[in-house]
Amino acid sequence: MNFSEFIQEKTQLDGKFGFEPIEIGEYLFPFQAYITEWAIRKGRAALFEDCGMGKTVQELEWSKNVHIHTGKPVLILTPLSVASQFEKEAQQFGIDAEKSRNGKIDAPIVITNYERLHYFNPDDFGGVVCDESSILKSFDGVIKQQITDFMRKKEYRLLGTATAAPNDYTELGTSSEALGYLGYMDMLGRFFTNKKRTSHQMHGKWRDSDDGWRFRGHAEQNFWRWVSGWARALRKPSDLGFDDNGFILPKLNINNHIVKANKPAPGMLFELPAVGWQEVREERRRTIPERCQMVADLVNDTEDYAVVWCNLNDEGDLLEELIPDAKQIAGKHSDEEKEELFDAFSNGELRVLVTKPVIGAWGLNWQHANHVTYFPTDSYEQWYQAIRRVWRFGQKREVNVDVISTLGQKKVLENMQKKEQAASEMFTELVAHMNDSIQINRRHSYSKEMELPQWL
């Protein structure tokens, strides 16, 4: 062991879990080939890439190489209905992959949704991929534990997500733990301190911090260098020095509509902004007819494919009734029914899809649609994912997003906009830090062979 290898081992910057790429398809863009080759060499890696950057084909290519290397099939876990999308893309590029719902293995690459993991035996696979891995935090404890246990037994692991909130250190810690690097609490102990403050300063700016965790003195650069040891983040190819040709998004038009309630809240003479979660919830329920009618008027006035996002069952039921050519995907439907309707919309057989972000906002590609309606909530991640089903690389037209709210929801809308701005700034810093760290890792090289003392 030389000094460089010793230092890399201690910093966890060189996982040594992977192998040299065996077969990389010429259909990959240069930046996709670079990231895929890096992920294969790492063996355990995370891809934090914006929507439409081609994570699907990168994950398939990684899986193909792991299968060739291990001689075992590879399992790809996806959100509901995304398995069909993976299977189609694999066929497009001549990659042998098939969807499985019951644990049957009929191809070198097996694709299934997270809820069906219990049908599979981890010993049968050489590697595992978690697509849209940020969705893991929304699963209940049983499914999440199944995924964790399954991954822990695999030598080769890959995570892929758009990372809507890169300042979510919890998610970064969870990803690290899933890949077999530092555990979440170990990560906090090494790089962070908890002073129970509501904000921390970064590059001269104060950042909100709900949990009080902030970087230790001079630990920020080391943190991002550590993250860059097992993850790559980018919003566009130029973030890694490649050409953006073909990856420039069309215009996004966000139209805010304020619906006037037919009557004010009980005991009020006129409408006032809702204060607190209880009032916001009451406001939503009281204005369901007005808000749904606004959506119906906007969607029925066009012939374009449209995605109508709702939050409540009553909203979904009423929207399905007010929009003649719409179908709703709700929690009451079976997985098979949900997949059938998702596929119908994806294939252009259904013009208007009504569903909740918690059901359908992850992983699906709907560039054939360019109209979205949305009822705002405090969740920026749901907003981001819902819009990005349509506004993503590969979209050829301008995208119109109609946000329908009431005067009482003014604070909710403002809060979501603040989170959007903060997330954009933080992702910019994340990419910058990781690129700096990548360059540092490349520059620091110690080639001189050294004999280490016995105690080391």
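The values are calculated or read from the model by the stated rules, or taken from the named source; none is laboratory data. Keep in mind the model is a prediction, meaning the values are calculated, not measured. No Cβ is skipped: glycine too gets one built from the backbone with ideal geometry, and neighbour counts run over all protein chains shown.
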**Prompt:** Only one of 91, 146 is of a type in the set (S, T, N, Q), surrounded by 15 or more Cβ atoms within 10 Å (Cβ to Cβ) and more than 21 Å from residue 360 (Cα to Cα); which?
**Reply:** 146
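Residue-by-condition table, conditions (1) out of contact with any Asp or Glu (no Cβ under 7 Å at 6 or more places or on another chain); (2) in the same structural domain as residue 42 (by TED's automatic domain parsing); (3) modelled with pLDDT of 95 or more; (4) surrounded by fewer than 16 Cβ atoms within 10 Å (Cβ to Cβ):
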{"site": "58", "(1), (2), (3), (4)": "yes, yes, yes, no"}
{"site": "64", "(1), (2), (3), (4)": "no, yes, yes, no"}
{"site": "71", "(1), (2), (3), (4)": "yes, yes, yes, yes"}
{"site": "75", "(1), (2), (3), (4)": "yes, yes, yes, no"}
{"site": "78", "(1), (2), (3), (4)": "no, yes, no, no"}
{"site": "83", "(1), (2), (3), (4)": "yes, yes, no, no"}
{"site": "86", "(1), (2), (3), (4)": "yes, yes, no, no"}
{"site": "97", "(1), (2), (3), (4)": "no, yes, yes, no"}
{"site": "103", "(1), (2), (3), (4)": "yes, yes, no, yes"}
**Contacts under 6 angstrom Cβ, first residue in the range 235-252 being within 11 Å of residue 52 (Cβ to Cβ), partner among the aromatic types (Phe, Trp, Tyr), 6 or more apart** = 236/247; 247/393
**Criterion: at pLDDT below 85, surrounded by fewer than 15 Cβ atoms within 10 Å (Cβ to Cβ) and either in the same structural domain as residue 115 (by TED's automatic domain parsing) or acidic (Asp, Glu) (or both) - qualifying residue of 186, 243, 168, 211** = 211
**Request:** Report yes if residue 72 is assigned to a helix (DSSP H, G or I) and of a type outside the set (Phe, Trp, Tyr), otherwise no.
**Result:** no
**Fill in**
Across the range 217-240, the tally of residues that are at pLDDT 85 or above, over 22 Å from the mean Cα position of the chain (by Cα) and part of a loop (DSSP other than H, G, I, E, B) stands at 1
**Asked** On the given criteria, is residue 370 within 30 Å of residue 344 (Cβ to Cβ), surrounded by 21 or more Cβ atoms within 10 Å (Cβ to Cβ) and modelled with pLDDT of 80 or more?
**Response** yes
**Request:** Could you tell me whether the range 139-152 includes any residue that is hydroxyl-bearing (Ser, Thr, Tyr) and closer than 23 Å to residue 342 by Cα?
**Result:** no
**Request:** Of the numbered conditions (1) at pLDDT below 90; (2) under 17 Å from the mean Cα position of the chain (by Cα); (3) under 27 Å from residue 428 (Cβ atoms), residue 147 fails exactly one; give the number of that condition.
**Result:** (3)
**Asked** Do we find a residue being modelled with pLDDT of 95 or more, touching a Lys or Arg at 6+ places or on another chain (Cβ under 9 Å) and within 30 Å of residue 259 (Cα to Cα) anywhere in the range 355-365?
**Response** yes
**Prompt:** Can you name the residue in the range 414-423 that is at pLDDT 80 or above and surrounded by fewer than 17 Cβ atoms within 10 Å (Cβ to Cβ) and, of all such residues, is farthest from residue 234 (Cα to Cα)?
**Reply:** 414
